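Each value in this text was obtained by applying a stated rule to the coordinates, not by laboratory testing. What you see is a predicted model; the values in this text were computed from it and never measured. All Cβ positions, glycine included, derive from the backbone under ideal geometry; neighbour counts span all protein chains shown.
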């Protein structure tokens, strides 16, 4: 992130800063390469130095992320799995569609929560849930929980951090890597258990 952008963000009103954090957290659901984690962390870090509120930093980010996820859920529900295969050909193929059906059938909303912690996969969870006609209430509760846990952690760490921005980002990156590995391991274990059970029943 450029020094000029950091300098500009450090002088915007807190209300604008919170809105920018919400916007980036929302856009991440549409365009995954957006560095939402970095912007949210920086926004919270700057808010702390501008006498801002940790609650509003976390709340704004959470609302933005859930709203963006909800919009993509609606898109997926409207266009179906065929659209998903075209939109995300590398991730939303028929194999992953079957896998998500199995995981959801076996673990329910827990599979949606865990999938949101896996980089590259979390962006397709909301539209896939919509395309598979998973209950909107179940989906939004699961996505809201995952968003609250991750962005709550990012915002809180940034808000309570000291002056070393580099150390803060290293810590957030490390936590994100641990969360992704743990979530992927749990999902993989579930898929393996299903496969073993299926082989035994065959």
task = Figure the gain on full extension for residue 102 and residue 135 (residue separation times 0.36 nm, minus the Cα-Cα span) and round it to one decimal in nm.
result = 10.3 nm
request  = Calculate, for residue 160 and residue 31, the FRET efficiency according to 1/(1 + (r/R0)^6) with r their C-beta to C-beta distance and R0 30 Å; round to the nearest 0.05.
outcome  = 0.55
